[in-house]
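Every read-out reported here was derived from the displayed coordinates using simple, explicitly stated rules and does not represent laboratory data. Owing to the predicted nature of the structure, the values given are computational and were not obtained by experimental measurement. With ideal geometry, Cβ positions are generated from the backbone for all residues, glycine too; neighbour counts draw on all protein chains shown.
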Amino acid sequence: MNAIKLTGLRKSFGTVEAVAGVDLEIADGEFFSMLGPSGSGKTTVLRMIAGFELPTAGTVELGGRDVTRLAPFERDVNTVFQDYALFPHLSVQENVEYGLKVRKVPRKERRERAEQALASVRLTDFGRRRPAAMSGGQRQRVALARALVNRPKVLLLDEPLGALDLKLREQMQVELKAIQREVGITFVFVTHDQDEALTMSDRVAVFDGGKIVQVGSPEEVYERPASAFVAGFVGTSNVFTGEVAKALFDRAGTFSVRPEKIAFDGDAGAPGVVAEVIYAGAVTRYVVDLEAGARVVVVEQNRHGSPGTGLRGQRVRLSWHDEHVIEIPERKEPSDGA
Amino acid sequence: MSFLHRHPRLRLAALLSAPLLWLVVAYLGALAVLLVSAFWTVNGFTGEMVRTFSLANFRTILTEQVYRNVTLRSLGVAASVTVICVLLAVPMAFFMAKVARPRSRHWLVIAILTPLWASYLVKAYAWRVLLANGGPIESVFGATPGYGLFATILVLSYLWLPYMILPIYAGLERLPDSLLEASGDLGARAGRTFRSVVLPMLIPSVFAGSIFTFSLSLGDYITVQIVGGKSQLIGNLVYANIGAANNLPFAAAIATVPVLIMVIYLVAVRRSGALEEL
């Protein structure tokens, strides 16, 4: 049984079509990410699943039941909001208990479940605090506890890590994934951060211009992007088209090679000149102008310390394995149509 | 310029001397004179002010039944006006802040403000015409409440409503939509969300608005003269003692009653955070 099934989903705001026909099935217990740039429609899809927006056309099914026209309080989903949306006039404990109280769960059970939920996000002794007296990361966890305590079939997360600093974000990514594995419910996670989507998800849907342009596992989306847009948005990519492609690959088409798959090679390979050397701690990025007429990015690990900038201006040869060349299917991109 | 720059205290003094003078002389000075003269008396024969300390005025106010009645009546009117304004303003402000489109919001705010441009007197007289025997209200509804306390409460509610709507509107505008969505998401219907989320967060704004409606009603004496029939409020007593009775000290003593009530009220609502909403 699918946890979520979207069919022909559309949403227009005035003359703007935010979601332009989305079909999607999300399996029970899956960690599913919706990835895309801002304005690509991913958040609107999430809001239609939650019931905050009514679709212009199409249907939303939750666990096989058509909920397209139902109000949020009639759906067995809970949401973690981007701004957390904690009630400032209630304590943390009261915030977490809110959903149970509304559903008339007896006081004793309410208390126990809220304490459990707070313990599961490692906030055991914070029940009496007000949200305002907590840090961003703590509030985020309260929001998570407040949603999870209701034991929904599906948890919707709208860029929940967006407001956290990098360190905390990486920590929360691991925690979220662990919590999801523990509770075993379906997570639908909206993000514009491709690292986040790749790290956490079982499957990823890449959004562009109100449509899904590719659905697949992180490996599939990264190693075999279905379009130049996906190749460019998920990770950095060197995309070759036209004459350059013909010169490098001996045939017409659109090809892509990831920066970390390209190596400097003394003798063989495509000749070029290093235009820029960018040291980034763990790795160094080289920008190389190929003689064939393309600018490519090469990433190398700094296994032996900083390489210095000595390569700048040097002539080099670049090589890669054939199996790392991604041939991108020729297809009209929705984003190009505008 | 550089002289003032090097002397920040002087600069501050130049900035603040005029408003401080105004505040001290015009505001606090007048209040002080009011308080002091409340303890004076008037010679019954000559009508001259006797500038010696006496509690006679306050003794009269506290002991004579009529003053207690008028005070209670004024309190009742102010409280009723405030309650009516809250009941009307909350749904109106909610519509303006959360339902109406952003573009029509500006027009709605202007529409709320425009009645404040018209003269208070004209609006009160307009109601006198409306409420008159044989006036528009009687000819449409078949009956009119006529002049009296009810009419006073009605007209005061009409006059002060904008002062209640605006702070509540401002409070609602600051209330993020995501809180309402979160409540619905957690299973609450609209009514529950309103009771459990919107209302508790609006309390400071409601109190802020009530400070206006309550104090303005408590001090009013014109509306009650125009549509109040025979009823009298504290303001009328003050006015009568200034004019006809020519007893300024007693007028001052009566005037301290609403001041005192407002101080008590402000202290009471201070804890709700209403004063930060003003």
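Extension gain for A:ARG295 to A:GLU182 (0.36 nm times residue separation, less C-alpha to C-alpha distance): 36.1 nm. What FRET efficiency would be calculated for the residue pair B:ALA30, A:ASP76, taking the C-beta separation as r and a Förster radius of 51 Å, to the nearest 0.05? For B:ALA30 and A:ASP76, the calculated efficiency is 0.20. Under a Gaussian network description of chain B, with springs only between Cα atoms under 10 Å, the residue in B:ILE112, B:ILE153, B:ILE211 that fluctuates furthest is B:ILE112. Only helices enter this figure: runs of n ≥ 4 DSSP H residues, each worth -39500 (n - 2.57), summed and divided by the residues of chain A, yield -8000 deg cm²/dmol at 222 nm to the nearest 500.
Among B:ILE254, B:ILE84, sorting on how many other beta-carbon atoms sit within 10 Å of each Cβ, with the fewest leading, yields B:ILE84, B:ILE254. Of the complete DSSP H runs in chain B, those spanning 30 angstrom or more by Cα along the long axis with a mean Kyte-Doolittle score not below -0.5 are B:65-94, B:149-173, B:248-270. Between beta-carbons, use under 13 Å as the cut-off and find the net charge around B:ALA38, counting Lys and Arg +1, Asp and Glu -1. Counting the neighbours of B:ALA38, the net charge comes to +2. The distance separating the Cα centre of the range A:212-239 from that of the range A:1-66 comes to 21 Å.
If you take all other residues with their beta carbon under 11 Å from the beta carbon of A:GLU17, and give Lys and Arg +1 and Asp and Glu -1, the sum is +3. Rounded to the nearest 10 degrees, the inclination of helix A:166-183 to the longest alpha-carbon principal axis of chain A is 60 degrees.
Remark: the Cα gyration tensor places the range A:123-180 in the oblate category, a/c being 1.5 or greater and a/b not exceeding b/c. Applying the criteria of a DSSP loop state and at most 11 other Cβ atoms within 10 Å to the chymotrypsin sites (Phe, Trp or Tyr not before Pro) of the range A:46-105 yields no site. Within the range B:64-277, the proportion of C-alpha pairs whose separation exceeds 32 Å stands at 28%.
In this label model, A:ALA252 and B:LEU88 are separated by 7.6 nm, measuring between points 7 Å along each Cα→Cβ vector. Peptides A:167-174, A:256-263 ranked from most to least packed give A:256-263, A:167-174, packing being the mean of other C-beta atoms within 10 angstrom over each peptide's residues.
For the protein assembly as shown, the share of DSSP beta bridges that are antiparallel, to the nearest 5, is 75%. With R₀ fixed at 30 Å, the C-beta to C-beta distance from B:PHE58 to B:ALA79 puts the FRET efficiency at about 0.80.
Peptide B:187-193 is shielded by partner chain Cβ atoms: per residue, an average of 5 of them sit within 10 Å of its Cβ. Taking other residues whose beta carbon is less than 10 angstrom from the beta carbon of A:ASP76, and scoring Lys, Arg as +1 and Asp, Glu as -1, yields +3.
Computing Rg and the Kirkwood Rh from the Cα coordinates of chain A gives a ratio, Rg/Rh, of 1.06. In the range B:64-277, Cα pairs under 8 Å separated by at least six residues give a relative contact order of 28 percent. The simple spin-label model puts a point 7 Å past each Cα toward its Cβ; for A:THR15 and A:ARG315 those points are separated by 5.6 nm. Using the Cα gyration tensor of the range A:1-118, with a ≥ b ≥ c the square roots of its eigenvalues, what is the shape: rounded (a/c below 1.5), prolate (a/b larger than b/c) or oblate (neither)? Prolate is the answer for the range A:1-118, as a/c is 1.5 or above and a/b outweighs b/c.
Checking the a/c ratio against 1.5 first, then a/b against b/c, what shape does the Cα gyration tensor give for the protein assembly as shown? Because a/c hits 1.5 or more and a/b exceeds b/c, the protein assembly as shown counts as prolate.
Once each of the chymotrypsin sites (Phe, Trp or Tyr not before Pro) sitting in a DSSP loop with at most 11 other beta-carbon atoms within 10 Å is removed, chain B keeps B:54-278 as its longest stretch.
Partner shielding of B:174-183 amounts to 6, given as the average count of beta-carbon atoms from other chains within 10 Å of each residue beta-carbon. With a Förster radius of 51 Å applied to the beta-carbon distance between A:THR56 and B:LEU72, the computed FRET efficiency rounds to 0.30.
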